[in-house]
Structure formats: structure tokens, C-alpha cells
Amino acid sequence: MQFVAYYEALREPGPWTKIFRTMRFIAYLLFVCCLHVSAKSVSQSITFTGRNVPMKTVLDAIEKQTGYVCFSNGSVLANAKPVNVDAKHLDLSVFLDLVLHDQPLEYTIESKTIIIRKKAPLPYALPVMDAQPLTIKVTGIITDDKGVALPGVSVRVKNSKDGTVTDAHGLYSLENVDENALLVFTFIGYTTQEIPVRGKRIISISLTPALNKLDETVVQAYGATSKRYNTGNIDKVSAEELMLQPVENPLAALEGRVPGMIVTQSSGIPGSTFKVEIRGRMAFDKNLSDDQPLFIVDGVPMAANNGKINKLTSAAGVLLNSGISPFNSINMNDIASIEVLKDADATAIYGSRGANGVILITTKRGKPGKTRLDVGLSHGISKVTRTVPMMNTQEYLQMRREAFTNSNTAMTNANAYDLLAYDTTRYTDLTKLFIGNTATTTDAQASIAGGTVNTQYILGTGYHYQTTVYPGDSHEQRGSMHIGITSRSDDKRFNLNFSGGYSVDQNNIPATDISSVMQLPPNFQIYDSLGNYAWNEGGITAKDNPLALYLNQNYRINTSNLQGNLLLGYRILPNLELRTSLGYNSTIADEQKKLPRAAQNPSKGSATGSLQLGNNQFKSWIVEPQIEYNTHISKGKLTLLGGATFNAIRNNSLMIIATGYTSDELLGSLAAAGTNSISTTNSNNDYRYQAFFARANYNYDNKYLINFTGRRDGSSRFGPQYRFSNFGSLAGAWLFTNEQFLSKQQVLSYGKIRASYGLTGNDKIGDYKYLDSWKATSYNYTDSASLYPTILYNPNLHWEKNIKTEVAMELGFLKDKLLTTVALYRNISSDPLVGYPLPYATGFSSITANLNGVLIENRGIEISINTTNVQTKTFSWNSYLNVTIPQNRLVKYPNLATSTYANQYKLGESLNLIYGSVYTGLDSNGLYSIKDVNKDGLGNASDYGVHGKTDQRLYGGLSNTISYKGFQLDFLFQFVKQTGMNFRSNGLYNPPGTMYNQPKLLLDRWQKPGDQSANQKYTLSAGSITGTSGYYAMMFSDYRYGDASYIRLKNVSLAYTIPQEVLKRLRILSCRVYVQAQNLLTITGYQGGDPETQNYLYMPPLRTIVGGIQLNL
């Protein structure tokens, strides 16, 4: 009955009540599970550390920890040598083997009694063979630094073909080993060790986690590897690097850290999206497809990938693909690492989904050991980074009057009420009023983790609260929980990994980005003399009060995200394992947007309220059965992997717009809307994906590596004839520094040459595009309902394919104190998927099709350098530099000149080209002018040409970590060399001189003949849209572009770890206090707002400073 009551309580409404009660319930079950596991494990493992310890002391410890009785007599133990041992969580029998291996003793276990006795003497003496080296059998157990057995460790006799791997218990056995041989122990993620045999028959060691970047574990598709033995291109961002940055969205923490990847923030609004592009643009038609990589969290594809999850417009963005990001639902504190997969070898196993690269997000797991509680708390503030100084009232009025004079136009209350009806002595800094406030952010984290050798667990919770720089109380808050359980059976044959997370996010950001209000006249009245909202100064009703609109118009979006993955494995044979991965992801966004009458001009008596409702649901499930086989052939290790993928993604959305509300109190009730004033739109999309994949990897003597991947994909987005396609890759690597001829030199410590070639695909075109579709109309045909066609049928729609090639060299110098990688890549995309424009006479605007024969190339060079500049006991300094030089171009397009893309793309040029007329300066009348190429007196496409590109020409990052005793300083510089839209591009319909405030940059303008100025004179007219002079002429020229390069101090972190001597008295394991800053400084010559967003009318990125404390108990 108690359980039923508790279950019923969980069903009560309210997102915060639900999440916290769910967390309590899971914590209770986990606690009971841990008690069970702990009780079961008491009699199975031993933890003991000591040097020169008497054997009796060791046996006493066994009795105390296991409850077993150790039986022996004094004369037996008198001949025992002191023991040196460092064991953690070892099985009892393994521990006894370890401590008795070099003793004249042996043991047997009967019931719960351990009998220790002298070893029986050999029946006869062995003859001594001086001419032959003695060979022996060597056995042992390999554990990690916490005493956990490590299966799969490679144990090889150096300079020999002999070798083996440890079994599921971490045990190994080697026959016929020369007593003077050298054993080499290697395992991914751990430091390689070489141990001399020296006649010892039992050699058991503990491997320590790799501090070297080459040997740390790197997550790859369906497994793990290391940089040293990886044949592909995978970059890793660790949890330590992620947590240096006070950001909410994990994608924000990737900026400047990964070569070959550009991350761009769409807006400084909390919750807004980030654009991610790996190795250049491949999407020919941005309106149909995108360049977003595949995002996978713990083996489960994000249902919404990196698309916006909102249906309604808000301050987070109104542009294509801008809006609310699904990654706001992921707590940064739950992430263990983020891997970025780029080349064919790393991505081909994902087939069509990996054409634009893959980003793997792996959450934290528990570790064996005592239960440990981690608690963190931080608080900080944020301000906008860069804004454009706008004209003050005096400058604005001068601009307006000058425009009337230049245009020879008389001022009236209709066209100059800002001059005649408004108070011309008033000045309001609208930028400061609306986006000059200080936002605050608060984060609280807590996690509990621990476990035994066989079972580990972690349970984490987090709370995030963030306000905005806008006036009022708009804010975002998120509560999250994360759970991870790893378990294996006593015989090490069955294993289970479960990870799950749930989060609720509430965001009530403004309905529109009010950054654009800075274009209002600076003498616009916001408050009247009584402090109330001012309306209709001077009887002018043309402009409404933006503050009243902002503070009364309401927008909120509630998002919930559920993520879960269960990986089950069973080892049928020592080298053969079956696995099944089951995953589910659900993201649900519920929106509401209200425009009450109180937000509207009271002089408009007929104004009514409106309501918009949106609901967007993304759900994804995936099942991936797998089989893996490992064996040794000659000096090499062969790993074979086979499997299948069954994936489905569903997106259901609903949008309701209701108008005609005469009462704000009833705003929210659909029944209270006006008659015939409710409109609805809904959609239901199902995507099915099926694949079979295989991978073969062979590592010969840790020198020669080869990796083959094959995959057959099926997508529901194509017709039956083209639904399936084959993809694959072949890669190889040569670790030439492991060759004998380089073994004696001391300078080059690591050297590898690798290459990969492969084919991936792309089906990112939306659902049902190959089918014809129809839509209902409100008009009837006689007495029957009628339909009209909206999409044309195209049974020939097929896969877009991407051929990836890469060659790279990786070098390490001076014992890997200097590591460098130089990678050359070339990606060719063929038959791009587009919405091909059709003539109006067809009745359709476009048809989804392949551009057969079209080739798009992305090529470039990526350079990364990792250095250990100084390394002493108390001081260290490490640096990391990454630089990417990319190039994008259209290689082939048959009959481009006669296609509908003739005025959009050019052969040999980038897809992001700057295409327009040539700006020639100011004419004799002080107006912008362009070159009339064909001398027809018109400015049109006949005068256009290519004048550059908006691609990043060079980008990268430079990070440093400096540690001194307990202090650690980290900082990251991000740099980008690019051309972008300048401030002139942001005012297409608002030429300087009209009733819109302008940047102070436009004070430098033409005033009289002979003036040399960057800007034309103030006017009231934009000119002719086909003219060769004037404002419109400039807007279609190359003059609206400029240098948008920048160097940004992206992140700074200063931390201090309190010494252990101080913490021991307080029973605290560790304590770390820190100060972090994001977007602290930007160095740029960009003319406009922020060079990243390139639009001063949108919210720029925020500068954030945070202080916090991290406790481990």
C-alpha cells in the first residue's frame, strides 16, 4: 500500500513536484540496491596495502574482511618473507595467489577455512642446463589503480611473437617465457608498462590511467580506442575542459576547442540555438537541408538533433533554424566527455547519418570505491559584450533635419513628428534601458557515486537559474537528474550498463528580441510625468510604447527531456560477446504566447488580445543488436564487430492561433476568443531508419593498424527503388616509431602516419518529400470537400553521397612533451538534394530533387599542437593550439548557366560567395554608386559578380593551463579570420535620414561636394531598387560586407584547491573554489555589433563572470 501511495503521489501534476519526487524515489531504490550489492560483496574481495608486512598481519586482515578462518602454525609462518602488496577489491583467491606467489607456502580453501602449509618438495632435483636459457610459465592479474580487474589487457613478450590478453577476471597466462624476458602490458586509456621477468612466475601489476594525451580513452562508434591506436580523426573534449566554462549549453563549451569545427551562437538570449558545422558547408539548398552533424547521447540519437524545438517565434530567433536549442536540457555537470568524429573512418559506420560528422556525448559513470558525495554551487552575473553606439538626440535630430534639406522636403506632423511633436530636449539611452541590465545565473549540483568491483552507480541532480539583461523578471530555470548503473556478474560473463536522465526547463524569455528598439528615435517618450507608460505624445499614434509591449506581452516555453539507454552484454566464449543497445529519447516543448490589450495602444479602441499555443514533440527509439569477436593472429589482435540498427523518429506538432479577445482576464481560454477567430495547424512526421553494419580492425604488433567499415542503410525518405544504399570506409595507420630502427633515438618519441577513404550519405531532406501531397481547402466543389496538390511526386529521389579522404601525420617529441598532428582532408559531395525552383506556370514553387552530376568540395588542413612547457612537482604549464584552414567550392555543375541557380552559385567558387555589384564610391551628389557593367543604366543581375566569400578563411583556438601548488589558471583564446555583413546590412529598409536611429558610425557622411566619406548623405529615400546610385544600389553591392575577423578571450578560469592537511580535520576529501569568465574580451575591427552574430539588432553573446565552490565528501 505504501508503494501504491507513493506511485500515486508521483502522478500529481506540476513539473517540479514530479521531478523531485521521481529523484527521491530513484535514490531510494538505488540506496537499497547499493546496500544489497555491498552486503553481497563483503566475502568476495580484499583491499590491503602495505610494505614489509609480516604474513601473520596479512592473514589477520583476511579474517577481518571476509569472516574466513586462516589456519596455520608458527613454524609454517616463521619461514615466510615480509609482503609488499597494494591490492584493492581483489577476489580472495587472487589475493592469496598474489601474496603467496614468492613464498615457500601454499593454500587450500575448505568451506570457510583457509589452510596455509609449506609447499611440498619436488620428488627429484632438476638438472641444470647451462647451455639453454630457462623458460618458465608466467601468470598474474592486471588491475587498474583502484584494484579493479582489467579484461582485455595486451600482455606481450618484447621482441617476440608471443603474447596474450587478460580474461574477464584480469588474469593472464604465458607459456615458455624466457626468465630474462621483458613483458609489455598495454591497454587503452592506461600507461603502457614494461616489466622484467627475472625468473618470477607470477607478475601482477596495476595499470595507471594515462596522463599522456595519446593513451587516454577516446569514445568511438560502438566502443572505445585511444589516440595512439586510432586510425580515424576523433577529437575529445573532456569533462574537465567543459566545466571550466560557465555556460548552460554544452555546445557553447566547444567553441574554439576542436579543429575543423565551427560553433556559432545565434543569439545571447538564454536557451537559444547554436549552429555547428564540421569541415565546411555541404548543403546546397539551405532551405531544404542543413550541415548539422549527427548528435548521439549515450548511444541514442537526439530526437530533435540540433534543430530548434519551438513552434512559435520568440526573442530566441525568428530566422531559419534559430530558436530554442534542445541541448539546454542537458546538464553540463553530467557529461564525461564529448567526442567529435570527422573523417570517413570515424563516421562511415553511421552511414547516411554521419555525412556531416558525428558528435558523441557520453555521460558520467560510477567508479568502484566508497560512496562519494560531490556538491557544487556557483553564482554569477552577465552583461552584453559588444553593442553599437547609437546617435544621441542632438545627433539624431541633426541627421533628420539634414535629410529633409537634402531631399528638399517640407516637414509635417505626418513625416516629422519626431521633430515637431516629440520633446526634442529629451534623451533616452534605449540600448542601456532595454539590454543594458545585469543578468544573474545560479547553479547547484549534487551527485552520489560509488560501488564495488562488480557494480558501480551514480545519481546526480542539478538546478540552473538564469535571468536576462532585459528589464523585468524574464528568466529560465532548469531542474535535472541523471542516473548511471554499471554491473557485471561474478563470472564476468554478463554485463549491464544503464544511463538515464530527465530534465524540466521553464523559460519565459521575451516574445520578441527587443534589442531592435534601439532604432527608435532617442527622444521617444517611455514614461509620462507620473511614471506611467507614455502613449501618443503630441497626439501621434504611429509608434507604440515598446516597454509596455515587452512587459505585458507574455511568452513561455516549458520543455521536458527524457533520455535512456540500456546496454546488455553476454560473453558466450572468452573471445565472443553478444550485446544489445536499447535507447529512447523524448523532447516535448509546450509554448504559450499572449498579447493582451494592456500591451497595446489605448487609443486603438478596437484592439483585441490574441493567444498562440504551440506543442512540439520529438520522440526517438533505437535498437542495436551487436556481436563482437576478438582473437590474436600472429603478433596482432583482430577485432570483428557486426550489428544492426533499427531507429524511428516521430515529430508531432500543433499550433493554435486565437484572436479577438476583448478581456485580458479570459486570455488563455479558447472559448473566449472571437467568433471564427481560431486557426490551427498540425503535423505528424514519422521517420524510419534501418541498417546493418560491420567493422574489422587489425593491430599488428602495435605498429600496423587497419580498419574496415561497411554499412547498408535504408531510409523511409526515399522511394522503394532507392531506399537502400551501401556505405563504407578503409583506413590504415603505421606507428613507425615502434620500429626497431628508431628504437635508439631519443628525440622522436611518437610517430604515426594514417590515411582513410570512405563513402557516407545524406538523407536530411525532411519526411515524405518523394511523395505527392495534398491539402484540404475551405472551398467546396459543389457539395464535396476539395483538395489541392502541394508537393510533386518524385520516385527518382535518391541518396546524396559524400566521399571523404584524409591523410595525417602525428608526431611526438621529447617523450611526448610536444605532440602535433597535421591532417589534410578532402570531402566531395555528389548529387545534392535540393528544392529545385520551378516556373510559376507549373503551379508549384519547387520540387525536391537531386542535382545529378553536381559536385561540392570541402578541403583543408587541420593543425593541432599540444605542449608540456614546464613540468615540476609544484609547477606545470601546458598549451594547446589548433588551427584550421578550410576551402569550399562548387567543383562541377553541368549547364549551370542555364539553371535557376545561375545567379546564386559560380563554378570554382564557394557556396557562401558574395555575389553582387561593385561599389565604386560616392557619386557627385553624395550617394552610394555601383558599377554599371553593361552600361544599360540599371543596377541588376547583369552587373553582378563574385567579390569574395563569407566562409571562415582561418579559425582555431589557443588554450593554456598553468598550475602552481594548489592554484590552476586556464584560459582560451578563440580566433576567426572571415568576411561578414557589416552594420550597413542591418538596415535594408531604414536608410540613414529616415525616422530610425542609426549607429554613430554614420556620422561620417557626405555633406558637400569634395567630401571624402565612407557614407552617403542623409536622405529620406532609399532610391530605386534597380538604380545605380542610392541606398538600394549599395545594399546589393559588396560594400555591405567587411572584415568580421576577431580574437576573443573566450574563457578564463582561476581555481584553488585547498590542501588536504586542512580538509582532513573537516572530513572533506577535497574542496575547490574558483572564478570563471566567458567572453571576457573581444579584439576586432568589425564595424557593427558582435562579429559572431553580425547583426546589431539582435542580442549579442553575453560576458559572464561566475564564482563557485566544489566539495567532495
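The values are calculated or read from the model by the stated rules, or taken from the named source; none is laboratory data. Values in this document were obtained by computation on a predicted structure and should not be read as measured data. Note that each Cβ is placed from the backbone with ideal geometry, even for glycine, and that neighbours are counted across all protein chains shown.
Might you check whether a residue that is touching a helix residue (DSSP H, G or I) at 6+ places or on another chain (Cβ under 6 Å), crowded, with 16+ Cβ neighbours inside 10 Å and over 30 Å from L288 (Cβ atoms) occurs anywhere in the stretch 714-731?
yes
Taking the stretch 811-854, which residues are at positive phi, surrounded by 14 or more Cβ atoms within 10 Å (Cβ to Cβ) and in contact with a Ser or Thr (Cβ under 9 Å, 6 or more places away or on another chain)? It would help to see each step written out before you state the result.
Step one: filter the stretch 811-854 for residues at positive phi, giving 814-816, 831, 843, 853.
Next, only the ones that are surrounded by 14 or more Cβ atoms within 10 Å (Cβ to Cβ) stay: 816, 831.
Within the stretch 811-854, just D816 meets the criteria.
Out of all the residues in the stretch 910-944, which are among the aliphatic types (A, V, I, L, M) and over 30 Å from N858 (Cα atoms)?
Restricting attention to the stretch 910-944, the residues satisfying the condition of being among the aliphatic types (A, V, I, L, M) are 911, 913-914, 918, 922, 927, 930, 933, 938, 941.
Selection gives L922, L927, I930, V933, L938.
Has the stretch 457-475 got at least one residue that is within 23 Å of V375 (Cβ to Cβ), surrounded by fewer than 20 Cβ atoms within 10 Å (Cβ to Cβ) and either in contact with a Cys (Cβ under 6 Å, 6 or more places away or on another chain) or modelled with pLDDT of 90 or more (or both)?
In the first step, residues of the stretch 457-475 are kept if they are within 23 Å of V375 (Cβ to Cβ); the result is 457-466.
Within this subset, residues satisfying the condition of being surrounded by fewer than 20 Cβ atoms within 10 Å (Cβ to Cβ) are 463, 465.
Subset that is either in contact with a Cys (Cβ under 6 Å, 6 or more places away or on another chain) or modelled with pLDDT of 90 or more (or both): 463, 465.
There is at least one residue in the stretch 457-475 that is within 23 Å of V375 (Cβ to Cβ), surrounded by fewer than 20 Cβ atoms within 10 Å (Cβ to Cβ) and either in contact with a Cys (Cβ under 6 Å, 6 or more places away or on another chain) or modelled with pLDDT of 90 or more (or both).
So if I check each of Y1032, Y1018, Y1074, which one is in contact with a Leu (Cβ under 9 Å, 6 or more places away or on another chain), modelled with pLDDT of 95 or more and more than 30 Å from Q466 (Cα to Cα)?
Values: Y1032 fails: modelled with pLDDT of 95 or more; Y1074 fails: more than 30 Å from Q466 (Cα to Cα).
Within the list Y1032, Y1018, Y1074, the selection yields Y1018.
For the structure I just gave you, tell me whether R201 is in contact with a His (Cβ under 8 Å, 6 or more places away or on another chain) and among the charged types (D, E, K, R).
Details: in contact with a His (Cβ under 8 Å, 6 or more places away or on another chain): yes; among the charged types (D, E, K, R): yes.
So R201 passes the test.
Considering only strands (runs of 3 or more DSSP E) fully contained in the stretch 898-1004, which possess at least 2 residues that are in contact with a helix residue (DSSP H, G or I) (Cβ under 7 Å, 6 or more places away or on another chain) and modelled with pLDDT of 95 or more? Spell out the reasoning first.
Working: elements: 913-916, 919-922, 928-930, 945-949, 952-964, 967-981.
The strands (runs of 3 or more DSSP E) meeting that bar are 928-930.
Quick check on the stretch 409-436: of everything there that is of a type in the set (S, T, N, Q) and part of a loop (DSSP other than H, G, I, E, B), which residue is nearest to R1103 (Cα to Cα)?
T428
Filter the stretch 816-852 down to the residues that are more than 25 Å from the chain's Cα centre (by Cα) and of a type in the set (F, W, Y), then identify the one that is modelled with the lowest pLDDT.
Selected residue: Y840.
Taking T225 and the conditions (1) modelled with pLDDT under 90; (2) touching a Leu at 6+ places or on another chain (Cβ under 9 Å); (3) in a strand (DSSP E or B), which numbered condition does it fall short on, given that it satisfies the others?
(2)
Does E537 count as of a type in the set (D, E) and within 38 Å of the chain's Cα centre (by Cα)? Quick ask: steps written out before the conclusion?
Details: of a type in the set (D, E): yes; within 38 Å of the chain's Cα centre (by Cα): no.
Here the answer is no, as E537 does not meet what is asked.
Given the residues K308, K367, which is the only one that is modelled with pLDDT of 90 or more and of a type in the set (D, E, K, R)? Let's see the steps before the verdict.
Details: K367 fails: modelled with pLDDT of 90 or more.
Going through K308, K367 in turn, the sole match is K308.
Looking at the stretch 308-361, which of its residues are of a type in the set (G, A, S) and either in contact with a Phe, Trp or Tyr (Cβ under 8 Å, 6 or more places away or on another chain) or over 30 Å from T231 (Cβ atoms) (or both)?
The initial filter retains those residues of the stretch 308-361 that are of a type in the set (G, A, S), namely 314-317, 322-323, 325, 329, 336-337, 344, 346, 348, 351-352, 354-355, 357.
Selection gives S314, A315, A316, G317, S322, G323, S325, S329, A344, A348, G351, S352.
Are any residues in the stretch 222-240 under 27 Å from Q968 (Cβ atoms) and touching a residue at least 60 places away in the same chain (Cβ under 8 Å), and if so, which ones? Outline the logic, then answer.
First, the residues of the stretch 222-240 that are under 27 Å from Q968 (Cβ atoms): 226-228, 234-240.
If the condition is that a residue be under 27 Å from Q968 (Cβ atoms) and touching a residue at least 60 places away in the same chain (Cβ under 8 Å), then K227, R228, I234, D235, K236, V237, S238, A239 are the ones that fit.
If you go through the stretch 275-317, how many residues are without any contact (Cβ under 8 Å) to a residue 60 or more places away in the chain, under 23 Å from K619 (Cβ atoms) and under 12 Å from the mean Cα position of the chain (by Cα)?
Looking only at that region, the number is 2.
Could you please let me know if V340 is in contact (Cβ under 8 Å) with a residue 60 or more places away in the chain, over 22 Å from N1079 (Cα atoms) and buried (at least 22 other Cβ atoms within 10 Å of the Cβ)? Talk me through it step by step, then tell me what you get.
Values: in contact (Cβ under 8 Å) with a residue 60 or more places away in the chain: yes; over 22 Å from N1079 (Cα atoms): yes; buried (at least 22 other Cβ atoms within 10 Å of the Cβ): yes.
Spelling it out, V340 is indeed in contact (Cβ under 8 Å) with a residue 60 or more places away in the chain, over 22 Å from N1079 (Cα atoms) and buried (at least 22 other Cβ atoms within 10 Å of the Cβ).
For the stretch 413-422, enumerate the residues that are surrounded by fewer than 16 Cβ atoms within 10 Å (Cβ to Cβ) and either modelled with pLDDT of 95 or more or among the hydrophobic types (A, V, I, L, M, F, W, C) (or both).
Matches in the stretch 413-422: A414, L420, A421.
Would it be correct to say that S499 is under 30 Å from D167 (Cα atoms), polar (S, T, N, Q), touching an Asp or Glu at 6+ places or on another chain (Cβ under 9 Å) and crowded, with 22+ Cβ neighbours inside 10 Å? Outline the logic, then answer.
Details: under 30 Å from D167 (Cα atoms): yes; polar (S, T, N, Q): yes; touching an Asp or Glu at 6+ places or on another chain (Cβ under 9 Å): yes; crowded, with 22+ Cβ neighbours inside 10 Å: yes.
Spelling it out, S499 is indeed under 30 Å from D167 (Cα atoms), polar (S, T, N, Q), touching an Asp or Glu at 6+ places or on another chain (Cβ under 9 Å) and crowded, with 22+ Cβ neighbours inside 10 Å.
Just give me the residues in the stretch 482-532 being outside any loop (DSSP other than H, G, I, E, B) and of a type in the set (S, T, N, Q), in sequence order. Full working, then the answer.
At the first step, the residues of the stretch 482-532 found to be outside any loop (DSSP other than H, G, I, E, B) are 482-488, 494-507, 514-519, 527.
Correct list: T486, S487, N495, N497, S499, S503, Q506, N507, S515, S516, Q519.
Which residue pairs have Cβ atoms under 9 Å apart, sit 6 or more places apart or on different chains, and have a first residue in the stretch 431-444 that is more than 18 Å from A315 (Cβ to Cβ) and a second that is of a type in the set (D, E, K, R)?
Pairs that qualify, where the first residue is more than 18 Å from A315 (Cβ to Cβ) and the partner is of a type in the set (D, E, K, R), are D443/E248.
Which residues, counting only those in the stretch 576-599, are surrounded by fewer than 20 Cβ atoms within 10 Å (Cβ to Cβ) and either at pLDDT below 90 or in a helix (DSSP H, G or I) (or both)?
Once the filter is applied, which keeps residues that are surrounded by fewer than 20 Cβ atoms within 10 Å (Cβ to Cβ) and either at pLDDT below 90 or in a helix (DSSP H, G or I) (or both), the stretch 576-599 yields R597, A598.
Scan the stretch 70-91 for residues that are at pLDDT 80 or above and either crowded, with 18+ Cβ neighbours inside 10 Å or within 55 Å of the chain's Cα centre (by Cα) (or both) and report the count.
Number satisfying all stated conditions: 4.
Please find, within the stretch 31-69, the residue that is surrounded by the most Cβ atoms within 10 Å (Cβ to Cβ) out of those that are of a type in the set (S, T, Y) and modelled with pLDDT under 55. Break it down into steps so the answer makes sense when it comes.
Just the residues of the stretch 31-69 that are of a type in the set (S, T, Y), to begin with: 38, 41, 43, 45, 47, 49, 57, 66, 68.
Filter again for modelled with pLDDT under 55, leaving 38, 41, 43.
Details: S38: 14, S41: 16, S43: 12.
If we take residues in the stretch 31-69 being of a type in the set (S, T, Y) and modelled with pLDDT under 55, then S41 is surrounded by the most Cβ atoms within 10 Å (Cβ to Cβ).
Sort through R717, R712 and tell me the only one that's outside any helix (DSSP H, G or I), in contact with an Asp or Glu (Cβ under 7 Å, 6 or more places away or on another chain) and more than 30 Å from V822 (Cα to Cα). Show your work before the answer.
Working: R712 fails: in contact with an Asp or Glu (Cβ under 7 Å, 6 or more places away or on another chain).
Unique residue meeting the criteria: R717.
Could you check the stretch 437-481 and list, in sequence order, the residues that are of a type in the set (D, E) and in a strand (DSSP E or B)?
Of the stretch 437-481, the ones of a type in the set (D, E) are 443, 473, 476.
Result: D443, E476.
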